[in-house]
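The values are calculated or read from the model by the stated rules, or taken from the named source; none is laboratory data. In this text, all values refer to a predicted model and were calculated from it rather than measured experimentally. Glycine also receives a Cβ, built like all others from the backbone with ideal geometry; neighbour counts cover every protein chain displayed. Surface accessibility is based on the protein's heavy atoms, side chains included, excluding ligands, DNA and RNA. Shrake-Rupley method; radii C 1.70, N 1.55, O 1.52, S 1.80 Å.
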Amino acid sequence: MKRSRKLILASFVMGVFILLLLLGQFLIVNDKPIKSDAIIVLTGGGIERPQAAISLFNEGYAPLIIISNAHEDNIYEYMVKLGVPSSNILKETKADSTYTNAQYTLNMMNEYHLKSAIVVSSDYHMRRVKFNFSNVFISSGIRLTYSAAQTGYSSNYWFSSKRNINTTFDEYTKIIGNALGFNGVEDKQIFKKLKHMIGL
């Protein structure tokens, strides 16, 4: 009986540990880059995103970069300073959420008759990016691949620091919110209040 209880306890502990590992790993989506018509880079999250987009551009994966929410973080100026010709950059300036990033970049893709894109964002953000972009682009006929900018987020040991715990909680909360139809600035305030209530 005691041995059986120990086996059950050990199995439970192992199951919890595996679940903890998977929670972080599930957030990461990082496809092998494919030559495409454009690179869509989402602003926010530091310089890792534009750096990843510039690397893909310099490696010849796409001739055009679309900056979504381009008025944020001065990414346009940063890219031009690092050698991306201004004529190879399109700016989208209306988005205020991951969902509207997808909406407005789809409009631009259609306007310029672009049929494929590599979507770039922070590694921990990519599952939510794919969820929103896949839903918005579903009937467009446009091929999307997803490229994660490395940020230092520890997907295997996300529970080992408060920063990673906060990031993981944010992403899962927002994924659930997006799935329920919550998008935009007002909804971000709801998520912040929820975090404050539970002490994160």
Check: For the range 26-140, what is Rg from Cα atoms divided by 2.2 N^0.38 Å, rounded to two decimals?
Finding: 0.95
Next item on the list: Would you mind counting up the charge near Ala149? Only other residues with Cβ under 9 Å from its Cβ, with Lys and Arg at +1 and Asp and Glu at -1.
Entry: -1
Notebook entry, point to check: Using a probe of 1.4 angstrom, how much of the accessible area of the range 52-141 is carbon and sulfur, in percent?
Noted result: 48 percent
Note to self: Among 44-52, 84-92, how do they line up by average Cβ neighbours within 10 Å per residue, starting with the highest?
What the structure shows: 44-52, 84-92
Next item on the list: Note down the nm distance, to one decimal, between modelled labels 7 Å out along Cα→Cβ at Ser134 and at Tyr172.
Entry: 1.9 nm
Check: If you wrap the range 75-166's Cα atoms in a convex hull and average its projection over all directions, what's the area in nm²?
Finding: 7.3 nm²
Checklist line | Ranked packing of 27-34, 61-68, most packed first, by mean Cβ within 10 Å | finding: 61-68, 27-34
